[in-house]
1. What is the extension gain from residue 143 to residue 178, computed as 0.36 nm multiplied by their sequence separation minus the C-alpha to C-alpha distance, in nm to one decimal?
2. Take the Cα atoms of the stretch 89-163, build their convex hull, and give its volume per residue in Å³.
3. Quick one: what does P(r) look like for the chain with 10 Å bins over all Cα pairs, in whole %?
4. Pick from 210, 225, 111 the residue whose mean-square fluctuation is largest in a GNM of the chain, springs joining Cα atoms under 10 Å.
5. Over the chain, calculate the relative contact order: mean separation of alpha carbon pairs under 8 Å at least 6 apart, over the residue count, as a percent.
6. Take each of the peptides 56-65, 19-28, 177-186, average the number of other beta-carbon atoms within 10 Å over its residues, and list them starting from the highest.
7. Between the helical axis of 49-58 and the dominant principal axis of the chain, each derived from Cα atoms, what acute angle in degrees is found, rounded to the nearest 10?
8. Nearest 10 degrees, 0 to 90: what angle lies between the long axis of helix 167-177 and the longest principal axis of the chain (Cα atoms)?
């Protein structure tokens, strides 16, 4: 899913379920985990277990040792799907150069052009994205991406249409960044720190200092919610430009005051 080709089977809920099973019993075998995920007499479809297990190992949730599924993350660290989301976001930078990472970056940086297509599976869109990614992206790959895109918070899905507003993703990145509350950060410092976990969303912003619509919408929503304060300084040496919008705050951003994200 994250290394190699994207797939439809390894959706977030299934990967999380595999992890929960792995931490439920010491020295649990692959066969035991698979039986719990695909109970005999109930599950009679095609097995997706190997694909789900591969995604879990890519995220370094588990590893296989002598046919034992060994958890790599403490159960105290991941207690819920929200914890899993935070953990998965923290791992995204390690997939730079992979198909999932490249596809994400291309799609979020299409900005309003993405609205032209009724579906991620639109042939014209797939051809455009494939050219930029540098490898052929198929409709099943795009469908697989959409589950994680919505879960991680790159935007919202309306059936198969992608709406770029990365509020959920950026909010969780801010949590990972551990900013001091009521502290003002110059925009260059903010963006450098953001790239530690959020580069998948913003890797092609330099040197133009233009933010894409997904990141801009997220920052505006955080600003409107009182979680951050976007500030414009006419005498500031460095400023970043939000994607144009009719919404609040259309000035260039020179600094950001972190007030604390809401749950």
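The numbers here are math on the coordinates, done by the rules we state, and not lab data. The structure presented is a predicted model; accordingly, all values stated were derived computationally and were not measured. Quick reminder, even Gly has a Cβ in these numbers, built from the backbone with ideal geometry, and neighbours come from all protein chains shown.
1. That pair, residue 143 and residue 178, stretches by 9.3 nm at full extension.
2. It comes to 80 Å³ per residue, whole-number rounded.
3. 7, 28, 31, 22, 9, 2, 0, 0
4. Ranking 210, 225, 111 by mean-square fluctuation puts 225 first.
5. In percent, rounded to a whole number, it is 18.
6. Result, highest mean first: 56-65, 19-28, 177-186.
7. So the helix axis and the longest Cα principal axis differ by about 50 degrees.
8. Tilt of helix 167-177: around 90 degrees.
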